[in-house]
1. Within segment 316-326, can you find the residues that are more than 12 Å from Phe355 (Cβ to Cβ) and buried (at least 20 other Cβ atoms within 10 Å of the Cβ)?
2. Name every residue in segment 74-116 that is touching a strand residue (DSSP E or B) at 6+ places or on another chain (Cβ under 7 Å) and at pLDDT 80 or above, in order of residue number.
3. Which of the residues spanning segment 171-219 are at pLDDT below 75 and in the same structural domain as Ser159 (by TED's automatic domain parsing)?
4. Quick one: how many residues across segment 73-107 are surrounded by 14 or more Cβ atoms within 10 Å (Cβ to Cβ) and under 30 Å from Leu192 (Cβ atoms)?
5. Go through the residues of segment 258-280 one by one and say whether even a single one is among the basic types (Lys, Arg), in contact with a Gly (Cβ under 8 Å, 6 or more places away or on another chain) and surrounded by fewer than 20 Cβ atoms within 10 Å (Cβ to Cβ).
6. Taking the stated definitions as given, is Val357 part of a loop (DSSP other than H, G, I, E, B) and assigned by TED's automatic domain parsing to the domain that holds Gly405?
7. Listed residues Met201, Met206; which is in contact with a strand residue (DSSP E or B) (Cβ under 7 Å, 6 or more places away or on another chain) and closer than 30 Å to Leu178 by Cα?
8. Give me the residue from segment 166-181 that is of a type outside the set (S, T, N, Q) and outside any strand (DSSP E or B) and, out of that set, surrounded by the most Cβ atoms within 10 Å (Cβ to Cβ).
Amino acid sequence: MSLASQATWFATARLALAIGVGVVVGWMLDAVWVGVAASLSTFLGWQFVSVFRLDWWLRRRATEDPPDIGGVWGDVISQVVRLHRRKRFHKARFVQLYRQIQRSTAALPDGVVILNEQREIAWFNRMAAQLLELRRPADLGLRIDNLVRQPQFVRYLSSGQFSNPVIIRATGAVERFLSLQIVPYGEGQQLLLVRDVSRQMRLEAMRKDFVANASHELRSPLTVISGYLETLSQDPILDPEILAPIAEMRRQAERMTTIVEDLLELSRLEAADGEVAGTPVDVAALMSILRKDVLARPKHPKEVRVRFESNTPLLGQESEIHSAFSNLVDNAAKYTLPDGWIEMHWWVDDEGGHFSVSDSGIGIPAEHIPRLTERFYRVDVGRARATGGSGLGLAIVKHVLQRHGGTLEIQSALGQGSTFTCHFPRYRIQQRVDADVATV
């Protein structure tokens, strides 16, 4: 029999006993109903006393021992005592776990800030307070974008794209760079991870300066070498046996010149701060120019198509947009066989503007795609050198898109061609003027 059944049985037995005593006493006094009423009144009064004692103990259970009451009320008190003990046990475990979390997060080398659905600060650790100059408890409950007001961070919050961190320059007596990244979790809550990347940024700045200076210094010697090699190759009295080595040296000098020019272009893009404002760029006209450039190559794909579904201008810096699109088209032409095809496509939708370059070329294995935009990364080193690639074209494309708020999407499969798509945000589209789909 369960405890609840036992308590019910005992309560019923006591009630029956009280009625029985009332009947006996009333029969002896020749007033049965009076005896039953008196007995039930006494029984009910005792229940009120028990309830009063239970209420008095519940209000003082933290300091007083539970009353010794039998029957149903005794079982109720036992249940309350067990629940109270269990609550204290779980509370102690929770407090212990909370303190462990506090100690562990305080020991983290990175800052951690917990934000609620309204991006208000719910909690932050010691490193976050140091890096972001937060104060406890004054800054608790304030929106994070009211305390960290750098435009890059505000745009990062509003974009909703949190896969990559944003780098900001912290204000203060000492110049410091911070990496901020949002990690969503739970129901609308977010973690803000803060890391001091000042050392990495200084090393990166030194590397960029070195590359830019070295590339600049190499330009003049390469120009001289190329000039002398061109003069030698046109000398009529030159021994025919060395014409081939000189031609190879010219080709390599031109390749080095291309690498130097790409390095200088990449350094310029990396040194530029923030996004460009830009002017309207006629994408359709630019695509026509790129098509003519491809067809003017000694070796080019059999079919070069241009397709645009909108004549909407793209807001950006025309020289940089031309450089990015040209690199994509140049790569497609290099790695497509003469009997193949490439296609340039421009369209506009509710998400923004999109420019893609598709080809029927050799394709790219899936494991190489995530690293294609790294400097000097090549899928096939031998083939890349044969085609004269510098290994910097896609790195330039990535930086140009970053300066225009865009992203690069790569789709490819080995032996099935590739598609490189540049996605531009809506604010980069001047105004939508749809035209019939045109194909050249």
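The values are calculated or read from the model by the stated rules, or taken from the named source; none is laboratory data. Keep in mind that this is a model prediction, so the values were computed, not measured. Reconstructed Cβ throughout: ideal geometry from the backbone, glycine too, with neighbour counts over all protein chains shown.
1. From segment 316-326, those more than 12 Å from Phe355 (Cβ to Cβ) are 317-320, 323; that's our starting set.
Within segment 316-326, Glu320 is the sole residue that qualifies.
2. Here is the first cut: in segment 74-116, the residues touching a strand residue (DSSP E or B) at 6+ places or on another chain (Cβ under 7 Å) are 105, 110-116.
Scanning segment 74-116 gives Asp110, Gly111, Val112, Val113, Ile114, Leu115, Asn116.
3. Of everything in segment 171-219, those that are at pLDDT below 75 and in the same structural domain as Ser159 (by TED's automatic domain parsing) turn out to be Thr171, Gly172, Ala173, Val174.
4. The total comes to 1.
5. Our first condition is that a residue be among the basic types (Lys, Arg); within segment 258-280, this holds for 268.
Those left that are additionally in contact with a Gly (Cβ under 8 Å, 6 or more places away or on another chain): none.
No, segment 258-280 contains no residue that is among the basic types (Lys, Arg), in contact with a Gly (Cβ under 8 Å, 6 or more places away or on another chain) and surrounded by fewer than 20 Cβ atoms within 10 Å (Cβ to Cβ).
6. Details: part of a loop (DSSP other than H, G, I, E, B): no; assigned by TED's automatic domain parsing to the domain that holds Gly405: yes.
The answer is no for Val357.
7. Values: Met206 fails: in contact with a strand residue (DSSP E or B) (Cβ under 7 Å, 6 or more places away or on another chain).
None of the other options fit; the residue is Met201.
8. Going residue by residue through segment 166-181, those that are of a type outside the set (S, T, N, Q) are 166-170, 172-178, 180.
This time we only want the ones that are outside any strand (DSSP E or B), so: 172-175.
Details: Gly172: 8, Ala173: 5, Val174: 6, Glu175: 11.
Going through the qualifying residues, I end up with Glu175.
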